[in-house]
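Below is one structure, written out as structure tokens; the observations come after it.
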Amino acid sequence: MDIISILLIAVAVSMDAFAVSLCKGLALGKACFGQCVRIGLWFGFFQALMPFLGFYLGGSFHVYIEAFDHWIAFGLLLIIGANMIREANSDKSESLDASLGAGNLFFLAIATSIDALAVGISFSCLEVQILKPVTIIGATTFCFSAVGLKIGSRIGARFNNIAQTAGGVILILIGIKILVSHLV
């Protein structure tokens, strides 16, 4: 597989992570360098891990997850999006670290990388050296996620609760998009 194809795949699977990072940035209001690196590492790691796992689990695993992967992604994004909307409309404010806590980022990283698992399964059908594609996918997702958080935080600093509500709605819409695209 040529480098251009790998880069195009990397950009494609990074888009959900970018959108979620943008939403998290909207909710934060202000993101520091460390937070950008943190979200980049979480999303980049899982976007690299999933195709790696998919590659080694191969076609047999695809049969088991294909039937409900969209439901998993939809459910996780719906819960997290609804929680963002609830928090935006509550009177108490939450610290920035809670918004980027390990549990929250874990579920977001899983939800946005399920499609990358299918990419890994497709790699297993090709004669691909898997380390090169997963490294490129992970690095691309790291960059898109870190930049997405920063862009979102600059926009969100001006709009605060409205931005957090919009971010929650966007997460729910991403979940619906994943669900509909798999059901249709």
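The values are calculated or read from the model by the stated rules, or taken from the named source; none is laboratory data. Quick caveat: nothing in here was measured; it's all calculated off a predicted structure. So basically every Cβ, Gly included, is an ideal-geometry build from the backbone, and we count neighbours across all protein chains shown. Side chains are part of the model used for accessible areas, which takes the heavy atoms of the whole protein and leaves out ligands, DNA and RNA. Shrake-Rupley method; radii C 1.70, N 1.55, O 1.52, S 1.80 Å.
Before we move on, is Phe159 among the aromatic types (Phe, Trp, Tyr), at pLDDT below 75 and closer than 20 Å to Cys36 by Cα?
Numbers: among the aromatic types (Phe, Trp, Tyr): yes; at pLDDT below 75: yes; closer than 20 Å to Cys36 by Cα: yes.
In short, yes.
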Single condition Ala139 does not satisfy, out of (1) small (Gly, Ala, Ser); (2) open to solvent by less than 20 Å² (accessible area, probe 1.4 Å); (3) modelled with pLDDT of 80 or more: (2)
Residue list for region 85-123, filter: under 24 Å from Leu8 (Cβ atoms), of a type in the set (Ser, Thr, Tyr) and at pLDDT below 80: Ser122
Test: residue in region 56-77 that is open to solvent by 40 Å² or more (accessible area, probe 1.4 Å), part of a helix (DSSP H, G or I) and at pLDDT 85 or above: yes
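If we keep just the residues of region 95-136 that are outside any helix (DSSP H, G or I) and among the β-branched types (Val, Ile, Thr), which is surrounded by the most Cβ atoms within 10 Å (Cβ to Cβ)? Walk me through it before giving the result.
Step one: list which residues in region 95-136 are outside any helix (DSSP H, G or I), which gives 95, 100-101, 125-130.
The next check asks that each one be among the β-branched types (Val, Ile, Thr); those that pass are 128, 130.
Values: Val128: 18, Ile130: 16.
Selected residue: Val128.
Can you name the residue in region 1-34 that is surrounded by 20 or more Cβ atoms within 10 Å (Cβ to Cβ) and in a loop (DSSP other than H, G, I, E, B) and is also modelled with the highest pLDDT among such residues? Write out each step before concluding.
In the first step, residues of region 1-34 are kept if they are surrounded by 20 or more Cβ atoms within 10 Å (Cβ to Cβ); the result is 9-10, 13-14, 16-29, 31.
This time we only want the ones that are in a loop (DSSP other than H, G, I, E, B), so: 29, 31.
Details: Gly29: 74, Ala31: 87.
Ranking the qualifying residues of region 1-34, first place goes to Ala31.
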